[in-house]
1. Which value does Rg/Rh take for segment 222-298 over its C-alpha atoms, Rh per Kirkwood?
2. So how far apart, in nm, are the two label points at residue 120 and residue 211 if each is 7 Å from Cα heading toward Cβ?
3. Say we join alpha carbon atoms closer than 10 Å with springs in a Gaussian network model of the chain; which of 70, 110, 241 then has the biggest fluctuation?
4. Which residues among segment 178-217 fall inside the zone where the amide N is under 20 Å from a point 7 Å beyond the Cα of residue 51, along Cα→Cβ?
5. With each run of n ≥ 4 DSSP H residues scored as -39500 (n - 2.57), what mean residue ellipticity at 222 nm is computed for the chain after dividing by its residue count and rounding to the nearest 500 deg cm²/dmol?
6. Do you know the relative contact order of segment 2-298, to the nearest whole percent, from alpha carbon pairs under 8 angstrom that are 6+ apart?
7. Sorting check: for 40-53, 204-217, 95-108, which peptide has the highest mean count of neighbouring beta carbons within 10 Å, and how do the rest follow?
8. Which of 21, 114, 182 moves most in a GNM of the chain, Cα contacts under 10 Å?
């Protein structure tokens with residue numbers, strides 16, 4: 001049963017960005033993030049009560065709670081930036097940049113968590129980083145995959161619009177989430193930690209809506225877009241349910257790589273739904289990202 005759950009986790013994680021993109025064509029991305037977080041929050045606390053992890057709430061120490069809050073703030077910032085990037089940029093370029101948070105996480109873990117950097121990890125970081133550059137570059141694939149990487153970096157930084165900045169910030173905050181979350185969940189149930197972080201995200205997202213004076217826009221969301229926003233929240237929640245159940249029943253060394261294949265799902269559906277085709281260069285970049293991610297998961 002767990003292999004199907006792992007595949008389900010990957011599938012629903014992959015279509016989250018597609019559903020969200022459908023829901024923010026006219027709707028403000030901050031408002032959409034706040035609305036979908038309500039759905040995700042229900043799922044995260046549902047997991048807590050289903051697994052009996054709620055009993056550990058009273059055992060959370062002050063230091064742990066502080067890092068959970070900081071991790072939640074980083075998660076909220078990552079989500080807000082990610083959906084702002086999705087609103088203005090192509091899915092098959094935003095998603096790979098967001099996934100590149102893995103590279104930064106490796107180096108932050110080396111600095112703050114004193115985790116060693118082996119040759120294998122370094123190679124995986126290069127594969128993921130290089131693949132991200134190939135997929136993020138505008139016009140990728142027009143000159144062939146063997147072009148100088150320096151040219152790719154230059155083209156990725158030029159003329160791509162503000163979505164690139166938000167996509168990069170999404171990856172940065174996602175990596176901070178991983179580091180802060182790692183510190184915050186030491187000695188406690190990960191499901192409970194996720195639920196608490198999601199609660200912080202909810203508060204942060206709605207505060208952003210309030211400070212920006214966007215409450216009125218909540219009532220102006222088109223019914224069709226609200227449907228897709230809610231669906232994206234459900235997709236995230238179902239993905240979490242499948243992922244943690246698969247981890248419970250199956251080996252992490254297999255479950256994690258399957259879950260990381262969500263990028264393939266996202267790219268495939270961005271082609272089907274939005275007509276975003278991969279060029280030769282971006283296809284090579286996708287292959288490098290997947291290869292680096294899978295190898296890293298088995299280390």
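Since every read-out is calculated from the coordinates, none of them should be taken as a lab result. Being a predicted model, the structure only gives us computed values, none of them experimental. Virtual Cβ from ideal backbone geometry, glycine too; neighbours counted across all protein chains shown.
1. Answer for segment 222-298: 1.06.
2. Using points 7 Å along Cα→Cβ, the separation is 4.3 nm.
3. Top of the fluctuation ranking is 110.
4. 178-202
5. Rounded to the nearest 500, the figure is -26500 deg cm²/dmol.
6. Relative CO of segment 2-298 lands at 45 percent.
7. Order by mean packing, descending: 95-108, 40-53, 204-217.
8. Of 21, 114, 182, the most mobile in the Gaussian network model is 114.
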